[in-house]
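Quick notes on the structure that follows.
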Amino acid sequence: MSQAALMEAEQGTSLWADAWVRLKKNKLAVFGMSVVGFFVVVAILTPWLAPYAYEAQDLELGATPPSAAHWLGTDIFGRDLLTRIMYGGRVSLAVGIIATSVALVIGVAWGTVAGYVGGRTDAVMMRIVDALYALPFIIFIILLMVVFGRSMLLLFLAIGAVEWLTMARIVRGQVLTIRSQEFIEAARSMGLSTPHIMLRHVVPNSLGPIIVYATLTVPQVMLLEAFLSFLGLGIQPPQSSWGLLISYGAETMEDYPWLLIFPGLALSITLFALNFMGDGLRDALDPKASKD
Amino acid sequence: MSLLKVSNLTTRFHTRNGVTTAVDDVSFAVERGEILAIVGESGSGKSVTCYSMLGLIPMPPGKIESGSAMFEGRDLLAMSESELRDIRGDEIAMIFQDPMTSLNPFLSIGEQLVEPLIYHRAYSRSEARVRAIELMEECGIVRSAERFDSYPHEFSGGMRQRVMIAMALITEPKLLIADEPTTALDVTIQAQILELVAKLQDSHDLGVIFISHDLAVVKELADRVLVMKQGQVVETNVTQALFSAPQHPYTQELLAAVPKGQKQSNDLTADSILLDVQGLTTTFLDRNSGQRFKAVDDVSFRVQKNEILGLVGESGSGKSTIGRSILKLVEADSGAVIFDQQDLLPLSQRQMVPLRRRMQMIFQDPYASLNPRMTVFDTLAEPLLYHGLATRKNVEGKVLELMDDVGLDRRAIKKYPHEFSGGQRQRIAIGRAIATRPELIIADEPVSALDVTIQKQILDLLVELVKKHNLTMLFVSHDLSVVRALCDRVMVIQHGKLIEFESTEQLWKAPQQQYTRDLLSAIPQID
């Protein structure tokens, strides 16, 4: 088994290696990756980089527009907005990336097995998905919070655990069309084991929609986090996230527009960058897409 | 005046990767009541020529650079889109290769038939219906009045093509363009459709442009032939002269590539049996009726070592299912498949693994049978590594050897399937099949998707590999000429039953069954 696994890992390199070469040639994708990379680095280094402490208030100052001391202005409690966006980015990016990864791993595995094995297994697996779909999300999260207590990690897992459902459906649909193609039959007639076929032949060919959906999931979970936080289930003030900043900013939009604009910009730039990256990755992983 | 006179037509496609000249200075004429065949291999520009003059190519990237197409004195190329639309489907009608995709599945046949009459001819609905039923009758659709309200999926492939022809003729066009109309059909159905086209052409005094890659079909049907290669007309002549004295080397090559002759049977000793199939029965569930039907019905035969055994039948006869049942790609219901003294049918998939190395399959469509995300190296290395026939260290050498074996350029090792032509892709698929040095190869229509010259190359390669590696091959095909040229013995399958099993020589000399005789007589002959 270990030998087979090793072989698989080694064999699997050429598609990804080629994809990497192609990805590097795609300027827009490289730009997207750089932006995302920059945000991630900033998020990690925030405790050292941030100009102020995130809970430092200056009530006398109140809400001020951008100035030399506070580049992006301050909120109604006189807290530095740049600092809050930087700290908020830590939460939002972590939620976005971790929850999407959780959704990706579960969804792809679930959908692939259901779609490829088919028959009764498929029926049972997809009915489970349907049942979970029907479960009210908020009640599910509240239950989790009640049982396990409030924690950041739980929040990530809870969101991921909900988002994978759609992913599983998309992947299953893809796998159904791939399963009926002759190269899968060729792989079976070669005597390859089912896990090997799924890993080497099925999943790589369903990556396109998976990647696109994953890049769409990231903003979705970021906003979901804001929603949960707003309900008091996610992170708590004075901690912050982009989603929370945006929702508070929206309340005071008429008086202090910068409180909405800057967090909004941070979120949209990230989403744009992620989309460029996702599109680039999808093209790079499809040998037919780019002819270099 | 000719019905259609095309002069100096040039069409180019401007793509990111450069400019391709699809049609290069093509001139020809079609007279009333004449069948002009345009033959050529895929990519020769035979379809683009016709689509260009009807304004049916995507523009851009396509662009008609020059030329004229005078249809009854009017230049099609100078017409506006709306003028062209009036001519298309009215004075010039088309029929296509695949009648299923050309018919709207949500509209009844009748609905689709009367539409052009109402649209182009201002018929009332009831008049149109009468005319449509008349024409369906003429096109050989029995009980037309009853079938008027049927939907396309309720017709067989041959019937659908009849419907398409009726639809094409309903406005009494002067010119009919038929683009590979019989390629998707079985040989007996093909014969009927060709007969119908010839009959209608005669009775309606039609000019017909018949696009085909099949020289034998063209020979039976056409008055004149135009041979195209890489967008250019290389030769044009009346049919008889072209076939008896081809002038251009390319035409000669095409004619030489048509499978002919008969394999001289080897002396096979009766005791060298590699595969013994006994009473094989495979059933499938019919979703409509909820009942199981027998795709393979009690088939028994023995395959001798080193022979090429042909398995012929029309589509739906179960010939492919026999091959797949032997390899346990589909589960057989009963019977025995004895390979090397071991019955395969009771084995689990896990127990099959070591045997899979010894029996491999080649598929029909080299575009579908290769994983698009694996390079040639990955594709060929996978079976070697998986079955432990090579190590990481020496696998590259073995892959290169395989590539030599199947005639692939060693430099192509890092390329992906889409970068190859159909023939080369089939070489990759063959390389994958012989990688594990199997004893038995089941080839399921391995050349049906290929052009005739490529087909010949691949068949030659298969014969060479069979000799070189002492292979035994079960060759599944609907093309009897190919089978005759290649196989030692032939089995004829109809409705899942083995109805005749003879040496090739014997089968062609004295077919016993009526069905076999029908099949053999339906093949268009080139000599």
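The values are calculated or read from the model by the stated rules, or taken from the named source; none is laboratory data. Computed from a predicted structure; not experimentally measured. Using ideal geometry, Cβ is built from the backbone for each residue, glycine included, and neighbour counts are taken over all protein chains shown. What goes into the accessible areas is simple: the full protein's heavy atoms, side chains included, and nothing from ligands, DNA or RNA. Shrake-Rupley method; radii C 1.70, N 1.55, O 1.52, S 1.80 Å.
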Does any residue of region B:197-205 turn out to be outside any strand (DSSP E or B) and in contact with a Phe, Trp or Tyr (Cβ under 9 Å, 6 or more places away or on another chain)?
yes
Every residue from region A:211-230 that is crowded, with 19+ Cβ neighbours inside 10 Å, of a type outside the set (S, T, N, Q) and under 15 Å from residue A:171 (Cα atoms)
A:211, A:213, A:214
Can you tell me which condition residue B:456 does not meet? The list is (1) modelled with pLDDT under 90; (2) in the same structural domain as residue B:309 (by TED's automatic domain parsing), and all the others hold.
(2)
Would you check if there is a residue in region A:50-67 being without any contact (Cβ under 8 Å) to a residue 40 or more places away in the chain, of a type in the set (Phe, Trp, Tyr) and loosely packed, with under 14 Cβ neighbours inside 10 Å?
no
Evaluate the following for residue B:421: is it more than 30 Å from residue B:339 (Cα to Cα), modelled with pLDDT under 90 and open to solvent by 20 Å² or more (accessible area, probe 1.4 Å)?
yes
Among A:46, A:83, A:64, A:74, the single one that is closer than 30 Å to residue A:279 by Cβ and among the hydroxyl-bearing types (Ser, Thr, Tyr) is A:46
Qualifying helices (runs of 4 or more DSSP H) (wholly inside region B:413-527; at least 2 residues being more than 21 Å from the chain's Cα centre (by Cα), without any contact (Cβ under 8 Å) to a residue 40 or more places away in the chain and more than 25 Å from residue B:43 (Cβ to Cβ)):
B:452-468, B:504-509, B:514-522
Is region B:375-392 home to any residue that is within 13 Å of another protein chain (Cβ to nearest Cβ), in a loop (DSSP other than H, G, I, E, B) and of a type in the set (S, T, N, Q)?
yes
Apart from one, (1) among the small types (Gly, Ala, Ser); (2) surrounded by fewer than 21 Cβ atoms within 10 Å (Cβ to Cβ); (3) closer than 30 Å to residue B:43 by Cβ all hold for residue B:168; the odd one out is (2)
Region A:77-96: number of residues that are open to solvent by 10 Å² or more (accessible area, probe 1.4 Å), farther than 15 Å from residue A:226 by Cα and in a helix (DSSP H, G or I)
2
Can we say residue B:130 is modelled with pLDDT of 85 or more, in the same structural domain as residue B:218 (by TED's automatic domain parsing), open to solvent by 50 Å² or more (accessible area, probe 1.4 Å) and among the aliphatic types (A, V, I, L, M)?
yes
Of the residues A:208, A:173, A:160, A:243, only one is open to solvent by 30 Å² or more (accessible area, probe 1.4 Å), in contact (Cβ under 8 Å) with a residue 24 or more places away in the chain and of a type outside the set (D, E, K, R); which?
A:173
Are any residues in region B:324-347 open to solvent by 10 Å² or more (accessible area, probe 1.4 Å), assigned to a loop (DSSP other than H, G, I, E, B) and away from chain A (no Cβ under 12 Å), and if so, which ones?
B:331, B:332, B:333, B:340, B:341, B:345, B:346
Could you pull out the residue among B:296, B:277 that is under 30 Å from residue B:460 (Cβ atoms), part of a strand (DSSP E or B) and away from chain A (no Cβ under 14 Å)?
B:277
Scan region B:10-19 and tell me whether some residue there is touching a strand residue (DSSP E or B) at 6+ places or on another chain (Cβ under 7 Å) and among the polar types (S, T, N, Q).
yes
